[in-house]
Amino acid sequence: MQSSRPNSSSGSLLQGMRSPLGSYAEYEAWMDTQAGAICRGEWDGWPCQSGFGVLRDAVVASGADQGALWLVDDWKHELRPCFSSAADSDRFLQEIRQPLSSGLISMVFFTEDAICESHVASRSELCWDIDSRLGAGTQAMVAIPIFFAQRCRGIFSAVIFSSVASLNRKEAFLPADFETLSRASSLWSAQMDSQLSGLAIQNGVKSRL
């Protein structure tokens, strides 16, 4: 992630953002501002990367070919990946973006309802552009809304590609796979809220507590 703030090993306030010391509404506004900066990639790796291991383990356990964490950039009206389990993850993170105006994961973002689809090709909402750029066809998909700092901030997705050949290849996600991915997304979300709340306390921001 790129950053417009001075580097810090433990994270710090968005540059130029003063800590409010008043009502819970001010606390919510502070949390929203910090979360928005994280989603746009304006933090230098903190705090997202510390929880990526949980997501990666869930992707492997579910038998998915690839998993990704997408965070919403409200300014550019798109979902941008900040984590990918792909072998060429650097290219994926740098080049792939999902406009909020199209795609299954954008639909999940707006409805805030998770999906577990076995035959994605039958869905009119599927964005074929990303499949084309990846050189793969999506057969099955799980997409789960990610919540932190009071609202939905992105999507955790896992896919099974139709073009991947393997002796133990899965055809679809099982209910247990969906539960594994859902627990991982909840853990990551809880970690984000905990870290942001801790940072708020350090900087004198009052919460409802």
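The values are calculated or read from the model by the stated rules, or taken from the named source; none is laboratory data. Quick caveat: nothing in here was measured; it's all calculated off a predicted structure. Note: ideal-geometry Cβ built from the backbone for every residue, glycine included; neighbour counts use all protein chains shown.
Looking only at residues in the stretch 55-75 that are part of a loop (DSSP other than H, G, I, E, B) and in contact with a Gly (Cβ under 9 Å, 6 or more places away or on another chain), which one is surrounded by the most Cβ atoms within 10 Å (Cβ to Cβ)?
It comes out as Asp74.
Quick one: which strands (runs of 3 or more DSSP E) sit completely within the stretch 77-169 and have at least 2 residues that are of a type in the set (Lys, Arg) and out of contact with any His (no Cβ under 6 Å at 6 or more places or on another chain)?
Counting at least 2 such residues, we get 151-161.
Determine which member of the set Ile115, Ile144 is more than 13 Å from the chain's Cα centre (by Cα) and at pLDDT 95 or above.
Being more than 13 Å from the chain's Cα centre (by Cα) and at pLDDT 95 or above holds for just one of Ile115, Ile144, which is Ile115.
Given the condition in contact with an Asp or Glu (Cβ under 8 Å, 6 or more places away or on another chain), under 25 Å from Arg183 (Cα atoms) and among the small types (Gly, Ala, Ser), answer yes or no: does some residue in the stretch 114-128 qualify?
Checking the stretch 114-128: at least one residue is in contact with an Asp or Glu (Cβ under 8 Å, 6 or more places away or on another chain), under 25 Å from Arg183 (Cα atoms) and among the small types (Gly, Ala, Ser).
State yes or no: is Asp129 surrounded by fewer than 20 Cβ atoms within 10 Å (Cβ to Cβ), closer than 15 Å to Asp65 by Cα and of a type in the set (Asp, Glu)?
No: the conditions fail for Asp129.
Restricting the search to the stretch 36-95, which residues are modelled with pLDDT under 90 and among the aliphatic types (A, V, I, L, M)?
Residues satisfying the conditions are Ala86, Ala87.
Kindly provide the set of residues from the stretch 87-101 that are surrounded by 14 or more Cβ atoms within 10 Å (Cβ to Cβ) and either farther than 19 Å from Arg153 by Cα or in contact with a Cys (Cβ under 6 Å, 6 or more places away or on another chain) (or both), ordered by number.
Result: Ser89, Phe92.
Given the conditions (1) over 22 Å from Gly63 (Cα atoms); (2) surrounded by fewer than 15 Cβ atoms within 10 Å (Cβ to Cβ); (3) among the polar types (S, T, N, Q), report the number of the one that Ser118 does not fulfil.
(1)
Return yes when Val164 is at pLDDT below 85 and touching a Pro at 6+ places or on another chain (Cβ under 8 Å) and no when it is not.
Spelling it out, it is not the case that Val164 is at pLDDT below 85 and touching a Pro at 6+ places or on another chain (Cβ under 8 Å).
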